[in-house]
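Chemist: Have a look at this one.
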Amino acid sequence: MTAPRRPPTAKSPYADSKVPTAKAKAPLSEIDRWYDRMPWRRCKASVLTCNPICQRLLENGEQCHNAARIVHHLISPHVARSFFFDWRILVALCPEHHETTEGENLTAPHRYAITNGLLGATADPNAIIWRLQQGLLPQ
């Protein structure tokens, strides 16, 4: 007795192609995991609430008019983790003006408008950048 015949099937055009597999991501550092935690989300929301407009000063000295959506650390948390939640070290930026570098590039720093904090407190990011260029950490 012979086996029952199966109808012919078409071969998938993708049968021989190599399908890219998801590569294992490197484990996140402790600092990188802080970005997914509630204290950072609250800090970020506070900075964006107090500074709804991008703080970058354009070449003509005028402040950018775009809505701020990203909070940028002037000092990388990987360099000084004690400043991770310090609002004086944070600036609110639009996606167009946010660079992917960690912290501020001190060889070609940008200029920023004053950072507004809670209860009317203010901080000057440009003074902080100047102190960093002198090799001093903010107090």
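Read-outs throughout are calculated quantities, based only on the coordinates presented, and are distinct from any laboratory measurement. This is a predicted model, so every value here is computed, not measured. Here the Cβ positions follow ideal geometry from the backbone for every residue, glycine too, while neighbour counts run over all protein chains shown.
Chemist: Can you list residues whose amide H is under 5 Å from ARG56's amide H, if they're 5+ apart or on another chain and H is modeled 1.01 Å from N?
Modeler: Those qualifying (amide H under 5 Å, at least 5 residues apart or on another chain) are CYS64, CYS94, ALA113.
Chemist: Let me ask something else about it. Over all pairs of distinct alpha carbons, what does the Kirkwood formula give as the hydrodynamic radius of the chain, in Å?
Modeler: Value: 18.1 Å, from the Cα pair sum.
Chemist: At 222 nm, what value in deg cm²/dmol follows for the chain if DSSP H runs of at least 4 each add -39500 (n - 2.57) and the sum is divided by all its residues, to the nearest 500?
Modeler: Calculated mean residue ellipticity at 222 nm is -5500 deg cm²/dmol.
Chemist: Let me check against my output: what whole-number percent is the relative contact order of segment 31-133, with C-alpha pairs under 8 Å and at least 6 apart?
Modeler: The normalised contact order for segment 31-133 reaches 27 percent.
Chemist: Also, I was wondering about something else. Roughly how tilted is helix 38-50, in degrees to the nearest 10 and between 0 and 90, from the longest Cα axis of the chain?
Modeler: 50
Chemist: On to the next question. Which residue, THR49, THR115, THR100, tops the fluctuation ranking in a GNM of the chain built on C-alpha contacts under 10 Å?
Modeler: Comparing THR49, THR115, THR100 in a Gaussian network model of the chain, the most mobile one is THR100.
Chemist: Of HIS78, HIS110, ALA3, whose Cα points farthest to the positive end of the dipole of the chain (charges on the beta-carbon: +1 Lys, Arg; -1 Asp, Glu; origin at the Cα centre)?
Modeler: ALA3
Chemist: Give me the extension gain from ARG69 to ASP124: residue separation times 0.36 nm, minus the current Cα-Cα distance, reported in nm with one decimal.
Modeler: Value of the extension gain: 17.8 nm.
Chemist: Which one of VAL47, THR101, TRP34 has its Cα pushed farthest toward the positive end of the charge dipole of segment 31-133, where Lys and Arg give +1 and Asp and Glu give -1 at the Cβ?
Modeler: Toward the positive end, the furthest listed residue is TRP34.
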